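The values are calculated or read from the model by the stated rules, or taken from the named source; none is laboratory data. In this text the structure is predicted, and so the values were computed from the model without any measurement. In this analysis, Cβ positions are derived from the backbone assuming ideal geometry, glycine residues included, and neighbour counts consider all displayed protein chains. For the accessible areas, the whole protein counts, side chains as well, though only heavy atoms, and no ligand, DNA or RNA atoms are used. Shrake-Rupley method; radii C 1.70, N 1.55, O 1.52, S 1.80 Å.
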Amino acid sequence: MPTELRYEEHDHVGVITLDRPEARNALTHTTYAELEEAVRSTAARCLVITGTDPAFCSGDDVKQVMAGAGDALAGALRRAPALTPAADALLYTDVPVIAAVNGAAVGWGMELALMADIRVASERAKLGELFVHRGLCSDVPGIGRLAQLVGRERAAELLFTGRVVDAAEAQAMGLVSRVVTHEELLPTALELATAIAANPPLAVQRLKQGLRLALDPDWRELGAWVSASLGELFQTADHREGVAAFLEKRPAHYEGR
């Protein structure tokens, strides 16, 4: 049974809820594995992904995933560079995915939202690519999908600055398709998912395959590049400083090494 997320299914709609509210649904190695399994094993015709309030997903759990990652993780990434398994599951599933962004979606939380086919946001939502503040590059959606949604120039700004945008700005730039009140978020996402699930599933699957063929890069090739890049960046002094500054709640000072 999953321990860090909940999975429910009704009328061909599956709902994945990240469930570590005390950590703002930050991702551990366990969460990643449970997310991958939920996506790969679903029998639903449409998936909704959300988080237990107050956040959608605050990205990697810095203490568990980043702090002390050091040479062991860097070496593993460089020896066998590959697309993150959870990202592989989400990017290659033929099941439509809706992100119901109920709060902060930052770091890999924003990547998770980007991997959905449709993003519906609460008025409380905030989205940001924070990787640069940890001395790292984003995962593949930030590179391969963000510019599709907001254009290359805006994508570059978000990636290079790590700036967080609120729900209204996210909608204005095309990062989310609609913004609703917090109370309306899950009902709106479920209504949309139910409408999709009511359509012929084989046709919907082919439509999603067609969008992937027409618009997406080779995610696994890009994933290998990202993994190899992270293998190098995890070993930099700037990454260690970014993590230390976050944990110590102080401004970071980067030296480019």
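Per-residue accessible area (protein heavy atoms, 1.4 Å probe) orders Tyr254, Tyr32 as Tyr254, Tyr32, starting from the largest. Surface calculation, 1.4 Å probe, protein heavy atoms: Thr194 sits at approximately 70 Å² accessible. Only protein heavy atoms count here; under a 1.4 Å probe, Trp108 has an accessible surface of about 10 Å². Counted residue by residue at 0.36 nm each, then reduced by the alpha carbon distance between them, the extension gain from Glu22 to Ala237 reaches 74.4 nm. Normalising the average separation of contacting C-alpha pairs (under 8 angstrom, six or more residues apart) by the number of residues puts the relative contact order of segment 122-192 at 42 percent. Which of rounded, prolate, oblate describes segment 183-226, given a ≥ b ≥ c as roots of the alpha-carbon gyration tensor eigenvalues and a/c under 1.5 marking rounded, otherwise prolate only if a/b is larger than b/c? Oblate shape, in that a/c is at least 1.5 and b/c is the bigger or equal ratio. With 0.36 nm allotted per residue and the present C-alpha distance subtracted, the Leu202-Arg163 stretch has 10.1 nm of extension available.
Quick one: grab the alpha carbon gyration tensor of segment 88-222, order the square roots of its eigenvalues as a ≥ b ≥ c, and give me rounded if a/c is under 1.5, else prolate or oblate depending on whether a/b is larger than b/c. Since a/c reaches 1.5 but b/c is at least a/b, the shape of segment 88-222 is classed as oblate.
The residues Leu233, Leu5, Leu215, sorted by heavy-atom accessible surface at 1.4 Å with ligands and nucleic acids left out, run Leu215, Leu233, Leu5 from largest to smallest. In loop segments of segment 136-204 as defined by DSSP, the trypsin sites (Lys or Arg not before Pro) with at most 15 further C-beta atoms inside 10 Å of their C-beta are Arg163. With a Förster radius of 30 Å applied to the beta-carbon distance between Gln64 and Ala156, the computed FRET efficiency rounds to 0.50. Quick one: grab the alpha carbon gyration tensor of segment 180-257, order the square roots of its eigenvalues as a ≥ b ≥ c, and give me rounded if a/c is under 1.5, else prolate or oblate depending on whether a/b is larger than b/c. Here segment 180-257 falls in the oblate category. With the cut-off at under 17 Å, measuring from each backbone N in segment 173-203 to a point 7 Å along the Cα-to-Cβ line of His12 picks out 190-203. Taking 0.36 nm per residue of separation and subtracting the current Cα-Cα distance, fully stretching the chain between Met1 and Asp53 would add 16.6 nm. Taking every alpha-carbon pair within the chain, the share separated by more than 24 Å comes to 45 percent.
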